[in-house]
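The next block holds one structure in the form of structure tokens; read it before the comments.
The values are calculated or read from the model by the stated rules, or taken from the named source; none is laboratory data. Worth saying up front: this structure is predicted, and the values here are computed from it rather than measured. Backbone-built Cβ (ideal geometry, glycine too); neighbour counts: all protein chains shown.
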Amino acid sequence: YENITNKDDYKIKEKLDEAHKNIQNNTAYAIKLFDALLQNYSSSPRSLYGKAQALDILADKKRSNDILQKAIAIYLQILTLEKVPDALFETVADRCINRMRFMGNYRSAIDVHHKLIERFPEETKYKNQLVVSYLIINRVNKARILLEETLSKHPNDGFALVHYGFILKTIDNKLNESVSYLQKGISTKAPGVIDGRFYFHLGDALARLGKTKEAMEVYEDGVKHNLFLSKYQRSLYNVAHLKGQPWWKKEETPYAELYTALENNWQKIREEGISVLNKNGLFQSESENLKDTGDWKQFELFARGQKNVNNCKKCPITCRIIESVPDARGCRRGQTKFSVMHPGTHVWPHCGPTNCRLRVHLGLKVPPQTYIRVADEVRSWKNGEVFIFDDSFEHEVWHNGTSFRLVLIVDVWHPELKSVDKRSLSPI
Ligand code: LMR
Ligand code: MN
């Protein structure tokens, strides 16, 4: 504890160290000892730090936000003290940001980032950490300005390069520029740059620029770094060891009843979809920038395991079928939606976010010359028939026909997921 102990704390160092020893396994006792010290030395940085740490641990054990708030308040108090050693200031600020992010208090975290930057103005890493908080709460322009500042002084800072490249790709859609920043950043191998998100968007930018071979090399490199499950399966929210294959046969899944219900009722389902389509403005444009050309819209019935009550009122038969299948109705990592695609549409090759679901398509109105490729295999839809694929694998869609195509998309939990996973996985 040498470097976190200031001159005054040195005079009581033995007592501090003794109390510290008890923090993990004898937390209540440690708090008592630190409280006793604080009676006499109310602004002793290490006494406050010890107490905050103990409360932090206790909060975790008891899963108590109230206790965690008390810990955070003390962390903040330490940052305002006069004689805090650098190492303690850093440790406390780091942990404080970490816990504030955990509580979703990004605004408060940003104040702490600023304290760090003020105290260590030459340290790029604190500015980079602030970038991350800004991006989490979508204050992209704040992040952008900070990154530009850093890169003007340190043009080879890997962390800043990949984050700037990420913004150029995902916000500005500046593909060429994003490629150079992402490539240069990744090549530094600096901490934080070997990350699936940067490989994902670098490959995607290259693919959209027509550099398919280079894109595949990025993906294969990503597989070597364990960022992707395979060169084609590039979802980033994964459960380990689930069987992964692009196309699934009906018999390989336990959802026969769903398929039968969908296929037996496909004409009624189509009627519901078309009646919504005939009312203007109910279908929403695809919003994830996956489309190259054309027009592609969706009407959502379930998402993240929640029923869209208003939309379901317009499609009662369809929704009743989904509600009768817990692995569709409750698929918190997927959706059920109608998908309409107009002639001349091309959807870029892309991967869904998670390997936890399979995607069932029911063909409702399928004109000729409409295709979907998943990994290496191209198929087409048939009216009244389902097929099943895993959309965490790269897929691409074309509509070269002359009238709109309508399908119902139903996501279901991956058949190998355990029920505890289905209950506890975060929604997507
Ligand atoms: C996709 O999942 O990206 C597409 O298959 C959706 C669609 O409407 O074909
Ligand atoms: Mn897709």
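Here are the numbers:
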quantity: Candidate set from the stretch 290-330 (those that are exposed (fewer than 14 other Cβ atoms within 10 Å of the Cβ), farther than 27 Å from K418 by Cα and polar (S, T, N, Q)); member that is modelled with the lowest pLDDT; calculated: T293
quantity: Residue check for L151: surrounded by 21 or more Cβ atoms within 10 Å (Cβ to Cβ) and touching a helix residue (DSSP H, G or I) at 6+ places or on another chain (Cβ under 7 Å); calculated: no
quantity: Hey, V407 within 18 Å of P326 (Cβ to Cβ), assigned to a strand (DSSP E or B) and within 14 Å of ligand 2 (Cβ to nearest atom) or not; calculated: no
quantity: Meets criteria (among the aromatic types (F, W, Y), closer than 30 Å to D421 by Cβ and within 21 Å of the chain's Cα centre (by Cα)) for Y237; calculated: yes
quantity: Residue within the stretch 316-327 that is more than 19 Å from D295 (Cβ to Cβ), within 16 Å of ligand 2 (Cβ to nearest atom) and of a type in the set (D, E, K, R) present; calculated: no
quantity: Criterion: outside any helix (DSSP H, G or I), within 16 Å of ligand 2 (Cβ to nearest atom) and touching a residue at least 12 places away in the same chain (Cβ under 8 Å) - qualifying residue of R359, R332; calculated: R359
quantity: Condition broken by V412, with the remaining ones in (1) within 12 Å of ligand 1 (Cβ to nearest atom); (2) assigned to a strand (DSSP E or B); (3) not hydroxyl-bearing (S, T, Y) satisfied; calculated: (1)
quantity: Cross-chain or 6+ apart pairs with Cβ under 7 Å, the stretch 298-313 first and in a strand (DSSP E or B), then modelled with pLDDT under 95 and within 16 Å of ligand 1 (Cβ to nearest atom); calculated: Q298/E286
quantity: Selected residue [without any contact (Cβ under 8 Å) to a residue 12 or more places away in the chain, within 21 Å of T170 (Cβ to Cβ) and not polar (S, T, N, Q)] from E214, E220, E286, E271; calculated: E214
quantity: The stretch 2-26, residues that are among the polar types (S, T, N, Q) and part of a helix (DSSP H, G or I); calculated: N3
quantity: Cross-chain or 6+ apart pairs with Cβ under 9 Å, the stretch 139-157 first and more than 16 Å from S180 (Cα to Cα), then of a type outside the set (S, T, N, Q) and part of a loop (DSSP other than H, G, I, E, B); calculated: V140/I171; R144/I171; T150/D157
quantity: Pairs, first under 14 Å from I117 (Cα atoms) in the stretch 87-105, second in a helix (DSSP H, G or I) and of a type in the set (K, R), C-beta under 8 Å, six or more apart; calculated: F89/R119; A93/K115
quantity: Residue in the stretch 228-245 that is assigned to a helix (DSSP H, G or I), in contact with a helix residue (DSSP H, G or I) (Cβ under 7 Å, 6 or more places away or on another chain) and among the small types (G, A, S) present; calculated: no
quantity: Any chance I74 is over 29 Å from the mean Cα position of the chain (by Cα) and farther than 22 Å from L130 by Cβ; calculated: yes
